[in-house]
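*Asks:* What follows is a single structure, and I will ask about it in a moment.
The values are calculated or read from the model by the stated rules, or taken from the named source; none is laboratory data. This one's a predicted model, so the numbers in the text were calculated from it and none came from an experiment. No Cβ is skipped: glycine too gets one built from the backbone with ideal geometry, and neighbour counts run over all protein chains shown.
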Amino acid sequence: MDWIDKLRYLLQTLAFSLAIAAIQYAIRPERPYEFPLVYSLAIGSLTWACIDFGRHLFPSRSATGWPAGWAGVALPACGMVLGYLGGTALADAWFGFSSWEASGRAQLRVSVVITLVAGLAVTYFFYTRGKAAYLQVHVAQAQRDATETRLKLLEAQLEPHMMFNTLANLRVLIATDPPRAQAMLDHLIAYLRATLGGARSTLHPLQDEFARLADYLEIMAVRMGPRLAFTLDLPDALRAVPVPPLLLQPLVENAIRHGLEPQVAGGQIDVRASTRPGPAGSLLVLEVVDSGVGLGAAPAHDTDRPGSHFGLTQVRERLATLYSAQGTLELIAGEAHGTCARVTFPLNSSTP
């Protein structure tokens, strides 16, 4: 039972009751406002309590949270009857007279009609709210599934491209530099092992993400030689933080392809993790900083290459799906050259 939802529904019922009392007073302004106010609040609150708490006594439909079968009809009917009788009795006790006396029967009939109409309206409102909440959950799940599917597509595009280049380099190094070929093959095996393991999970520790990046960057360092230098900065306190797999590699690939490779001298890539305060708790900040040519220097024909803009788009969509507005990706231009890709999302989120 979600008590926050219960409080929200109670407040909505009280607001609805206040509106009914205001309408009654507008129709009959000669009567004190206290009368329709007390009766409306008493009847509305008890009717809500009977229906909203009573629905937990019966099996409910998963699509609406509302009782299935005959109970779905009987519950609001009984709730309105009990709410009206109990609320009227409480209000009568408050004012010290009986609404069932002959002098009050005309008003009693009006109250019955108002209770019936208001009860049906509020019941329908809560029924549709429950159904909408169910649909929102399933839409969010569908979005997560679609994002994971696009992630697999991204992996399918990234892996063959990297594999073909790596194998081509291995073929050359086996003949010219066997020790380097052996080192490259070791890193490739570790990288593929991490890739296959990460494909079976939706979250893994941040240290695994950094280990995967280390193998990838070591492979790229063999290919690029002295043109590529890199550092990985992961504080011990953040090593076990769960993160989505393959979150940083598209950013690193983008930095190499569009930042370092266009430069004759290559450059440096720094990957680091840190935290900062956020409006609803601590945020995890992951940065990929390169000393490449900068944001404005990438060739126009490279925009559709795997791992470039496609990869960045997938990272943004994935963050938005998993963390809503709290998950962001920023590309920040360096003062002279280079780029910083900064990913931010809640540190203690349990989103799968």
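*Asks:* What is the number of the single condition among (1) out of contact with any Gly (no Cβ under 9 Å at 6 or more places or on another chain); (2) modelled with pLDDT of 75 or more that Gly198 does not meet?
*Replies:* Tallying (1) out of contact with any Gly (no Cβ under 9 Å at 6 or more places or on another chain); (2) modelled with pLDDT of 75 or more, Gly198 fails exactly one: (2).
*Asks:* While we're on this one: Taking the criterion of being surrounded by 19 or more Cβ atoms within 10 Å (Cβ to Cβ) and either closer than 28 Å to Val137 by Cα or in the same structural domain as Leu116 (by TED's automatic domain parsing) (or both), would at least one residue in the stretch 26-35 satisfy it?
*Replies:* Looking for residues that are surrounded by 19 or more Cβ atoms within 10 Å (Cβ to Cβ) and either closer than 28 Å to Val137 by Cα or in the same structural domain as Leu116 (by TED's automatic domain parsing) (or both), one finds none in the stretch 26-35, hence no.
Let's see how each residue does on (1) at pLDDT 70 or above; (2) loosely packed, with under 12 Cβ neighbours inside 10 Å:
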{"residue": "Gly130", "(1), (2)": "no, no"}
{"residue": "Ala140", "(1), (2)": "yes, no"}
{"residue": "Arg150", "(1), (2)": "no, no"}
{"residue": "Glu155", "(1), (2)": "no, no"}
{"residue": "Glu159", "(1), (2)": "no, no"}
{"residue": "Phe164", "(1), (2)": "no, yes"}
{"residue": "Ile174", "(1), (2)": "yes, no"}
{"residue": "Arg180", "(1), (2)": "yes, no"}
{"residue": "Asp186", "(1), (2)": "yes, no"}
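*Asks:* When residues of the stretch 1-44 are filtered for being over 15 Å from Phe125 (Cα atoms), assigned to a helix (DSSP H, G or I) and of a type in the set (Ser, Thr, Tyr), how many remain?
*Replies:* The total comes to 3.
*Asks:* Hey, another quick one. So the check is Cβ under 7 Å with 6+ separation or different chains; which pairs have a first residue in the stretch 72-91 that's assigned by TED's automatic domain parsing to the domain that holds Leu14 and a second one that's among the hydroxyl-bearing types (Ser, Thr, Tyr) and not in a helix (DSSP H, G or I)?
*Replies:* Close Cβ pairs (under 7 Å, with a partner that is among the hydroxyl-bearing types (Ser, Thr, Tyr) and not in a helix (DSSP H, G or I)) amount to Thr88/Ser99.
*Asks:* Only residues that are among the hydrophobic types (A, V, I, L, M, F, W, C), more than 15 Å from Phe125 (Cα to Cα) and either at pLDDT 85 or above or in a helix (DSSP H, G or I) (or both): list them for the stretch 50-70, please.
*Replies:* Cys50, Phe53, Leu57
*Asks:* While we're here: Which of the residues that make up the stretch 235-276 are under 19 Å from the mean Cα position of the chain (by Cα) and not aliphatic (A, V, I, L, M)?
*Replies:* Selection gives Pro242, Pro244, Pro245.
*Asks:* Across the stretch 311-334, what is the number of residues that are part of a helix (DSSP H, G or I), surrounded by fewer than 16 Cβ atoms within 10 Å (Cβ to Cβ) and charged (D, E, K, R)?
*Replies:* 1
*Asks:* Still on this structure: Taking the criterion of being among the basic types (Lys, Arg), surrounded by 16 or more Cβ atoms within 10 Å (Cβ to Cβ) and closer than 18 Å to Ala133 by Cα, would at least one residue in the stretch 55-66 satisfy it?
*Replies:* yes
Residues checked against (1) of a type outside the set (Gly, Ala, Ser); (2) closer than 16 Å to Gly119 by Cα:
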residue: Ile20; (1), (2): yes, yes
residue: Ala26; (1), (2): no, no
residue: Pro29; (1), (2): yes, no
residue: Arg55; (1), (2): yes, yes
residue: Pro67; (1), (2): yes, no
residue: Pro76; (1), (2): yes, yes
